[in-house]
Amino acid sequence: MRSDVHRLADFLSWAISPVVVAPAVYCFIVLFGYVDDPSKVSYLTVMFAASTIAPMLLIYGLKKIGKVSDYNITFREQRFLPLLVLTFVNVLGYEFMLQLHAPRLLTGILLFNAVNTVLILLVTLQWKISIHLFTLTAGIALLFLKFGAVALWLFMLVPLLMWSRIQLKAHNFMQTLVGGIIGFVIMFAELTWWIGL
């Protein structure tokens, strides 16, 4: 029987998971950052499909056919195929956003999601970093770029998520720490460069 601590860790891991964090961040950016843009629902549809629907369907399908052992893809060796597919999903989303003439920040999000998925894929060949932490801090970087320092309060979620991933034995301390640091730094650097072009 699972302990209350394990249940809490499991809840936090799902509540602050990539398929929750990414669409929440995108909704906030689009709905509050581009209030008057008549295409905002189209932007959200593409971003939601790329960040939530496609990953959920992919992981569900892979679990169903036995290609991954669990929905968190705990084993590093099982992450290659889903990350490869998600790279192409984000490239496709980027192309859709270009056709919609979306704001540069929004096209950059999907472009660099694809780039960063390749980066994670390459790292995964040798080591396992926390995609949960990477996604959370990358999302904080996006909100910081759009709305300023108020977004930095969300860093309070980082130690909670680190604790939950370690408690669930999904990662060790360094894997969560490195995932969190490079998620923020890389996304911030990439989009600062992209917007400035």
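The values are calculated or read from the model by the stated rules, or taken from the named source; none is laboratory data. Quick caveat: nothing in here was measured; it's all calculated off a predicted structure. Positions of Cβ are generated from backbone atoms using ideal geometry, with glycine treated the same way; all protein chains shown enter the neighbour counts. To get the accessible areas, we keep the full protein, side chains included, count just its heavy atoms, and leave off ligands, DNA and RNA. Shrake-Rupley method; radii C 1.70, N 1.55, O 1.52, S 1.80 Å.
Quick notes
- Heavy atoms of the protein chains alone define the surface here; on that basis the chain has 52 Å² accessible area per residue at 1.4 Å probe size.
- Shape of the stretch 87-197, Cα gyration tensor, a/c cut at 1.5: oblate
- As a length-normalised measure over Cα pairs under 8 Å and 6 or more apart, the relative contact order of the chain settles at 27 percent.
- Whole-percent carbon and sulfur share, accessible surface of the stretch 9-63, 1.4 Å: 76 percent
- Solvent-accessible area, 1.4 Å probe, carbon plus sulfur percent, for the stretch 82-197: 78 percent
- Rounded to 0.05, the FRET efficiency of the Trp194 and Ser3 pair, given R0 = 41 Å and the Cβ-Cβ distance, is 0.35.
- Simple label model, 7 Å out from Cα along Cβ direction - Met56 to Ser69, nm: 2.6 nm
- When the pairs Lys67/Lys169; Lys146/Lys169; Lys63/Lys128; Lys63/Lys169 are compared against a 24 Å limit on Cα-Cα distance, Lys146/Lys169 fall above it.
- Note on Leu125/Asp36: beta-carbon distance plugged into 1/(1 + (r/R0)^6) with R0 of 45 Å gives a FRET efficiency of 0.50.
- The chain: angle of helix 54-64 to the longest principal axis, Cα-based, in degrees nearest 10: 30 degrees
- Simple label model, 7 Å out from Cα along Cβ direction - Val118 to Leu98, nm: 1.4 nm
- Neighbour-limited loop hits for chymotrypsin sites (Phe, Trp or Tyr not before Pro), the stretch 99-197 (at most 16 other Cβ within 10 Å; DSSP other than H, G, I, E, B): Trp127
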